[in-house]
């Protein structure tokens, strides 16, 4: 019994002595590397922090002079580690060396340290690789061997057919794999020589996607004319038409003229030209834009697209028949339509000389004959308004504002499809008549002083034109027949600035057709 007691006491005492020894090692040897720890084949056993730093500084210097080599077929590129953002992570290696054998519970540390001393422990060569610098260098060399993908596109041929331009895949360097391979080689202590791999790159827009748009040819075309000598107005027409040129509209999408063209401001490039305000022509920014909206409106009608919003001018305009104009005012009056087909539509505009043309392309498989009929249902004659004018002598009259007839117009779209005629009533038009304003003289004629005969060398003053036969002094136009109004559509005044160079028509005029990339790729 006594022997058993002594054995147990001795065993317990041994355990405490061992634990104490381990504890002492853990406490007093924590700033030294345990025996058996190596990095890059260098033994760090028993080294303190400063000694380890000196070893790691030597390793970093060696790493910085080790070339990093990339291979692709028979091509080779060599960089220094700093050029690609590669450096030794000395702090992480130092921490790992000092923590080796001390990363477990205290009662297991003695076993870990014994095992490291017996078998050895190779620290991984930890490095930091800047992804940004690495990618910059890799992209530079990749430009020599990579081939970019080409997006599929379409172009309009001179005969207004649509031709598909097929896309193709590209090839690029697998940057992610090269990054991983370099880190793996360094961690394994191998030479940093990497074999580059290429991967396929799909185009943003495939040939199948462009074909699925359904664009095949011309659905409609409409042209209006204008006087190009009114340079500011012509300039505004070009600016607005250019905003709509190349518009690609998917099925079901609504198009707002105001949203596409934007504000008619000087910042947007618009100039002052004549606009209709309160039945009168006045100067305003963007004069001429309504000819663009009206021309597009007629192309939309002939393409059999759905009209959502359209408003006629207050006065008839000279460039389209009555009932077929579309006025626009940014923020107030818009022209909107919807692509109600099952395919994309593509809009082109062209300004050549004094002609503005809109063409709408789409799926010609569903193209139908379209006719636009207008009918004047009421003509409203202008009234004659006489205004006394004390600045005119009695008997004189001056037309201050010419009268313009007003109209009520019905517009219909007639579509022939499958042998049947379908008639659609379009938004009606009401053009208010503009009264003719005549100034009537009320000032009594004054008796002037006697004019002496002209001296030698002077010309006599011109004689006052005598009244026409039948005129009687003191008789006002109110006593005469009504002054018949002249039905005229006023023209805009000439601008001062020169118009920009003319743009080429979408037909191409025999030149190479423009290629259109639906995804917006270059």
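The values are calculated or read from the model by the stated rules, or taken from the named source; none is laboratory data. Computed from a prediction, not measured in an experiment: that's the story for all the values here. Because the Cβ atoms are built from the backbone with ideal geometry, glycine has one as well, and the counts that use them run over all protein chains shown.
Do we find a residue being under 19 Å from residue 317 (Cβ atoms) and surrounded by fewer than 17 Cβ atoms within 10 Å (Cβ to Cβ) anywhere in region 229-246? Yes, the conditions are met somewhere in region 229-246.
Out of 351, 370, 410, report the one residue that is modelled with pLDDT of 95 or more, under 26 Å from residue 291 (Cβ atoms) and out of contact with any strand residue (DSSP E or B) (no Cβ under 6 Å at 6 or more places or on another chain).
The conditions single out 351.
Criterion first (under 17 Å from the mean Cα position of the chain (by Cα) and without any contact (Cβ under 8 Å) to a residue 60 or more places away in the chain) does residue 242 satisfy it? Spelling it out, it is not the case that residue 242 is under 17 Å from the mean Cα position of the chain (by Cα) and without any contact (Cβ under 8 Å) to a residue 60 or more places away in the chain. Across region 360-381, the qualifying residues are those that are buried (at least 21 other Cβ atoms within 10 Å of the Cβ) and out of contact with any helix residue (DSSP H, G or I) (no Cβ under 7 Å at 6 or more places or on another chain), and the one among them that is farthest from residue 225 (Cα to Cα) is 362. Look at region 227-239: where a residue is in the same structural domain as residue 261 (by TED's automatic domain parsing) and a partner is crowded, with 22+ Cβ neighbours inside 10 Å and assigned to a helix (DSSP H, G or I), sitting 6+ places away or on another chain with Cβ atoms under 7 Å, you get 228/234; 236/289; 237/291; 237/292.
Within region 61-94, being part of a helix (DSSP H, G or I) and either crowded, with 17+ Cβ neighbours inside 10 Å or in contact (Cβ under 8 Å) with a residue 40 or more places away in the chain (or both) holds for 63, 81, 83, 84, 90, 93, 94.
Using beta carbons and a limit of 8 Å, which pairs, at least six apart or on different chains, have the first residue in region 321-334 and outside any loop (DSSP other than H, G, I, E, B) and the second one modelled with pLDDT of 95 or more? Taking only residues 6 or more apart or on different chains, the pairs are 333/311; 333/327. Right, residue 125: surrounded by 13 or more Cβ atoms within 10 Å (Cβ to Cβ), closer than 26 Å to residue 175 by Cα, assigned by TED's automatic domain parsing to the domain that holds residue 34 and modelled with pLDDT under 80 or not? Spelling it out, residue 125 is indeed surrounded by 13 or more Cβ atoms within 10 Å (Cβ to Cβ), closer than 26 Å to residue 175 by Cα, assigned by TED's automatic domain parsing to the domain that holds residue 34 and modelled with pLDDT under 80. Checking each residue in region 34-54 for being part of a strand (DSSP E or B), in contact with a helix residue (DSSP H, G or I) (Cβ under 7 Å, 6 or more places away or on another chain) and surrounded by fewer than 17 Cβ atoms within 10 Å (Cβ to Cβ) picks out only 42. Considering only residues that are out of contact with any helix residue (DSSP H, G or I) (no Cβ under 6 Å at 6 or more places or on another chain) and not in a loop (DSSP other than H, G, I, E, B), which ones fall in region 155-171? Within region 155-171, 155, 156, 162, 163, 165, 168, 170, 171 qualify. Counting only strands (runs of 3 or more DSSP E) that sit completely within region 373-429, those holding 1 or more residues that are within 22 Å of residue 314 (Cβ to Cβ) and over 38 Å from the mean Cα position of the chain (by Cα) correspond to 384-393, 397-401, 406-417.
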